[in-house]
Amino acid sequence: MINKDITRDGFLFGDHNGPWSTEHLTKAMTRETAKRIGFRMTTQEYRHIAIAIDRKFIRGKYADLDDDEEDDDDIHDEMAAHSTKVAIAHYARMGGLSRNLTPESLDVFRSISDKWHRWYHLVSRKPWSDATTIQSTQEEVISMKEKMYGAIQKLYGPTGKFCTTKQEQAVEAVIDGVSPLIVVLPTGAGKSLSFMIPALLPDAGTTVVITPLIALAENMLARCKEVNIDCILYGRGPPRMATIIIVVTESAVTGSFNQLILDIHLKGRLDRIILDEKLMMDPNFRPKLDDIRKLALPVQYVSLTATLPPSLLQRYTDFMCFHDPTIIREVNKKPSVCYRIHRVSDEDLKKDMKQLLNRELEFCHGTEKVLVFCRSRGECDSWARQFNCGVYYSDSKEKAETLRNWQGGFLFATGALGAGVDIKSIKSVIHLGVPYGAINFDQEVGRGGREGQIVDSII
């Protein structure tokens, strides 16, 4: 019979439903150890570690407590629900070449190895002091500022500068290695500089950028190449250790990609992993995000988004196992957007929509563009046929070419074009039907007015 007041009745891990099951405990343990020590420890593995700790520290420290014990089985082993014979044969042993060595034996061997290292004038391992954070001196800070501004001038010329103070803070935080870091900047406020400027610094390693959208991946690739950043899109050509590696979600969870970034990390060249906003906010990508979270590499993690409301912040940080993240947030406002709702009758729905679209097309001149979001791929195709223009959705094989060829007029799209992609000269963003939620709507409207011009948003 389980006591209802289980949390005060001797169980370290329990709740109102009773003590945690092994599965529940393992899930919590793997999540927390991956987050805090970079190694996913299971309950089975912890049994060995716990018994090794007991042998080395607990029994040695409190050995006098067991002086009166005459039994063949050590009380410590009995408490762990097995005999001493079983404990010696099975628990707290290491795998591989050291399968038959106890932790005590390893300590002895380690001391001999240390003597050889000293004879060779080598350092056996990093002292603990080396693992602590070393504060930058004032000279280092000044030097880093100079490098940072030199990089932004390389991007935008001698007069180049940051758009906002928050953008500058975000870039500094990335360069300083702050992790986990969540950067919330409005659409068009230059979130990409958070990884592009660090990539332009002389001592830059590799930055991995994970995005669920191929359009956004290709857009990032083009922008990096424009400023001569060594950048590749994983899956296009042979994999290699570039300064920026852009990868779409489906590829990011494959064994081959995991091995690539693990190799880069083991060479000491992996600086950070960047998570794109739609990967964070779209529930359709949540299972993939779960797989990405399990990478658990001990590097800097940065989440970039324009639409993470405070109400969802805790849910996201809990899901990603981000402990005490640093948040840099700019107020999300679009003063250059004129919002309108156009009411149409059910009887003449298609007719009224077509009249609305024709009126918008009349005011579209030269290279000005009108982006129209539909609720399905079928609607996109139907409207595109009527106006003899391009379509963009996730399954379209020609979507990249469609974007390149879009010089003006209409483009019909689904939410696959909703986030991150930098397209110039969009004067109107139209939603045919109710948008899929406020976050998606905000991202989709953000495709317009990228140069700061007035843009119409019509539902």
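The values are calculated or read from the model by the stated rules, or taken from the named source; none is laboratory data. Computed from a predicted model, the values in this text were never measured in an experiment. When we count neighbours, we look across all protein chains shown, and the Cβ atoms used for this are built from the backbone with ideal geometry, even at glycine.
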For this session: Return the total of residues in the stretch 177-217 being touching a Gly at 6+ places or on another chain (Cβ under 7 Å) and modelled with pLDDT of 90 or more.
Result: 0
Exercise. Are there any pairs with C-beta distances below 8 angstrom linking a residue in the stretch 301-314 that is in contact (Cβ under 8 Å) with a residue 40 or more places away in the chain to a residue that is part of a helix (DSSP H, G or I) and of a type in the set (Asp, Glu), with the two at least 6 apart or on different chains, and if so which?
Worked result: Ser303/Glu277; Leu304/Glu277; Thr305/Glu277; Ala306/Glu277; Ala306/Asp442; Thr307/Glu277; Thr307/Asp442; Leu308/Glu277
Exercise. Are any of the residues in the stretch 416-430 surrounded by 20 or more Cβ atoms within 10 Å (Cβ to Cβ) and either in the same structural domain as Ser311 (by TED's automatic domain parsing) or more than 26 Å from Cys163 (Cβ to Cβ) (or both)?
Worked result: yes
Problem set entry | Yes/no for Phe39 being at pLDDT 70 or above and either over 40 Å from the mean Cα position of the chain (by Cα) or not in a helix (DSSP H, G or I) (or both) | yes
For this session: Could you give me the residue pairs with C-beta distances under 8 Å whose first residue belongs to the stretch 220-247 and is within 19 Å of Arg272 (Cβ to Cβ) and small (Gly, Ala, Ser), whose second residue is surrounded by fewer than 19 Cβ atoms within 10 Å (Cβ to Cβ) and modelled with pLDDT of 90 or more wherever it lies, and which are 6+ apart or on separate chains?
Result: Ala242/Asp230
For this session: Please work out if Leu97 is under 30 Å from Tyr316 (Cα atoms) and either modelled with pLDDT under 80 or in contact with a Ser or Thr (Cβ under 7 Å, 6 or more places away or on another chain) (or both).
Result: no
Exercise. If we scan the stretch 204-214, do we find a residue that is outside any strand (DSSP E or B), of a type in the set (S, T, N, Q) and farther than 24 Å from Tyr393 by Cα?
Worked result: no
For this session: Go through the residues of the stretch 343-350 one by one and say whether even a single one is touching a residue at least 40 places away in the same chain (Cβ under 8 Å) and surrounded by 11 or more Cβ atoms within 10 Å (Cβ to Cβ).
Result: no
Exercise. When the stretch 194-209 is examined, which residues are found to be more than 16 Å from Lys154 (Cα to Cα) and aliphatic (A, V, I, L, M)?
Worked result: Val208, Val209
Problem set entry | Selection status of Cys321, within 39 Å of the chain's Cα centre (by Cα), hydrophobic (A, V, I, L, M, F, W, C), modelled with pLDDT of 85 or more and surrounded by 14 or more Cβ atoms within 10 Å (Cβ to Cβ) | no
For this session: Check off (1) of a type in the set (D, E, K, R); (2) over 18 Å from the mean Cα position of the chain (by Cα); (3) not in a helix (DSSP H, G or I) for Glu218 and give me the number that stays unchecked.
Result: (3)
Exercise. Would the stretch 221-232 turn up any residue that is under 20 Å from the mean Cα position of the chain (by Cα), buried (at least 21 other Cβ atoms within 10 Å of the Cβ) and not in a helix (DSSP H, G or I)?
Worked result: yes
Seminar exercise, completed: For Ile246, the lone unmet condition from (1) farther than 25 Å from Thr305 by Cα; (2) of a type in the set (A, V, I, L, M, F, W, C); (3) in contact with a strand residue (DSSP E or B) (Cβ under 6 Å, 6 or more places away or on another chain) is (1)
Problem set entry | In the stretch 256-273, the residues that are free of Cβ contacts under 8 Å to residues at least 24 places away in the same chain, surrounded by fewer than 19 Cβ atoms within 10 Å (Cβ to Cβ) and either of a type in the set (A, V, I, L, M, F, W, C) or within 15 Å of Tyr301 (Cβ to Cβ) (or both) | Leu266
For this session: Mind listing whichever residues of the stretch 225-245 are hydrophobic (A, V, I, L, M, F, W, C) and modelled with pLDDT of 90 or more?
Result: Ile229, Cys231, Ile232, Leu233, Met241, Ala242, Ile244, Ile245
